[in-house]
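Nothing in this text is a laboratory measurement; each read-out follows from the coordinates by a stated rule. These numbers were taken from a predicted model, which means no experiment stands behind them. As a convention, Cβ positions derive from the backbone with ideal geometry for all residues, glycine included, and neighbour counts pool all protein chains shown.
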Amino acid sequence: MRKQDKSTRRQFLGLAGSAAVFGAVPIVTLRPSEATPATLAAAIKNVVGAAEVRTGKVKLDVPPLVENGNTVPMTVSVSNPMTSDDYVRSIHVFNEKNPQPNIGNFYLGPHAGRAQISTRIRLADSQKIVAIARLSDGSFWSASVDVVVTLAACTEEVI
Amino acid sequence: MASALINVPAKAKRGEIIEIKTLMSHIMETGYRHTTAGEVVPRNIITSLTCRYNGVEIFRADLFPAIAANPFITFFTVATESGKFDFEWIGDRGFTETASASISVE
């Protein structure tokens with residue numbers, strides 16, 4: 001009798017544990033449609049068209065481990081002389097798993113002096129961030145960073 | 001009420017690269033959050049920031065819900081002549097806000 005009690009308690013705890021595990025799954029899937037790598041690729045294609053995107057020149061500064069996804073400092077800089085005939089036209093930033101793939105488009109000009117912008121962004125999940133720079137000669141350069149986010153932004157409930 | 005904070009150096013040497021910092025107080029509601037009743041909170045964000053230096057556009061940004069609340073944006077420009085920087089934020093629900101700062105270039 002006593003032995004049976006123990007085993008039911010163990011079974012109960014086991015069941016409760018697995019219920020908790022399975023209960024957690026719907027919470028994750030309740031999120032609105034996420035930007036997937038496919039939508040990320042589509043958003044990038046919207047900007048660059050058929051042009052080739054090469055890796056380099058761009059430096060994307062984001063902390064690799066983010067505690068609060070609601071405000072993440074980000075700096076994008078492009079190594080470019082910024083002269084009147086060789087300058088950065090625009091900087092585009094994308095993400096992989098927020099509800100929308102775009103973060104921001106920043107348009108500079110030959111008088112920017114330094115191709116660098118900073119802002120604060122939101123991240124809904126641990127994911128990859130991509131920055132693409134468009135130069136005056138029409139070439140595209142990119143950099144990407146993987147970020148781990150502890151507290152997600154964007155989709156939490158309003159209390 | 002919305003309010004802007006701008007940081008532009010008051011003085012600069014001709015040709016110097018200066019940093020411009022802008023901060024606008026705004027909720028930047030993403031449109032992806034729900035109330036406990038399950039209703040979607042409608043989107044309310046700033047969609048663009050433009051900066052003009054003596055009337056010429058030197059910087060423009062398209063913003064998306066992934067920009068954090070109270071958008072803080074910094075960028076650079078070359079101080080060419082004394083004058084004024086005009087900033088304009090445009091957003092959802094007819095949100096517009098302007099601010100300006102002057103600089104003297106030696």
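Of note:
- Inter-chain Cβ neighbour average for residues B:72-81, partner chain, 10 Å: 5
- Burial order of peptide ranges A:86-94, A:49-57, B:10-18 (average beta-carbon count within 10 Å, highest first): A:86-94, B:10-18, A:49-57
- Shielding of A:66-73 by partner chains, average beta-carbon count, 10 Å: 2
- Long pairs among B:LYS13/B:LYS84; A:LYS57/B:LYS13; A:LYS59/A:LYS128; A:LYS45/A:LYS128, criterion Cα-Cα beyond 19 Å: A:LYS57/B:LYS13
- Count Lys and Arg as plus one, Asp and Glu as minus one, and take only other residues whose Cβ is under 13 Å from that of A:VAL48; the net charge is then +3.
- Largest-first principal axis extents of the Cα set of region A:37-151 (Å): 44, 28, 19
- The tail of the calculated P(r) for chain B, taken as Cα-Cα distances beyond 18 Å, holds 51 percent of the pairs.
- Computed over region A:87-159, the range of Cα coordinates on each principal axis works out to 46, 22, 17 Å, biggest value leading.
- Each of the peptides B:34-45, B:89-100 was scored by the mean count of other Cβ atoms within 10 Å over its residues; in descending order, highest first, they stand as B:89-100, B:34-45.
- Cβ neighbours within 10 Å from other chains - mean over B:91-98: 0
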